[in-house]
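Take a look at the following structure, please.
No value in this document is a laboratory result; all are computed from the given coordinates. Keep in mind that this is a model prediction, so the values were computed, not measured. Note that we place each Cβ from the backbone using ideal geometry, even for glycine, and neighbour counts take in every protein chain shown.
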Amino acid sequence: MKFLPERQPAADKPLSFKMQHTERHCATSMAAHLVSLFSEIPPYRDIVWVNIGTDRSTGDSLGPLIGTRLSKYAIPGIHIYGTLDNPVHAMNLEETLQRIHESHTDPFIIGTDACLGQTQSVGCIQINQGPLKPGAGVKKELPDVGCMHITGIVNVGGFMEYLVLQNTRLSLVMNMADVIVRGIHMAFLQSRRPMMSPSTVQLPGSVLQFER
């Protein structure tokens, strides 16, 4: 979880995206942004999704919810770390990143996480290039994650962040996770990214699906 001050996407970063999850075409618009990115990832690079958070905090459960629902979609060719059953959080993040780099070839890592922002931004989904900086909102020093990241603004930041996360509505977090996963799923269907081996492989701490 991190705190995001209000900001507009930089003009030189066309893949920056911000939209309320309740808007009718939010998932479709998300997919359009993600397709542009996926089309530039070489086929030999493993796509690894790292969903950060914990099911012990309502507000911070966005990442694990995304990971669990992505796993159920069984999207070909992505490696998923961080689910409700096996969350990736502050205590195991560094170890997880080390395992990812040992297990995958030049991985293209995408981070997802909950964040706090300004009142008018609560419920927004954001996509940005560059690494995710987890823990910034609660003053934790954690490793940067990813080549790009997706965040959902689940509540208002700036004061007593732990308490705010604990008192975040589960309905909001679940609805945001649904929209994010639909957008990701549509993006992979549209990108027609070539897969590697026609088999399914399971690695410790991950859900790895290849096209069957």
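Taking the residues in the range 87-119 that are acidic (D, E) and within 24 Å of R56 (Cα to Cα) as candidates, determine which candidate is nearest to the chain's Cα centre (by Cα).
Only one residue tops the list, namely D113.
Pairs under 6 Å by beta carbon, first residue among the charged types (D, E, K, R) in the range 144-160, partner assigned to a loop (DSSP other than H, G, I, E, B), six or more apart or different chains?
Matching pairs, first to second residue: D144/P131; D144/K133.
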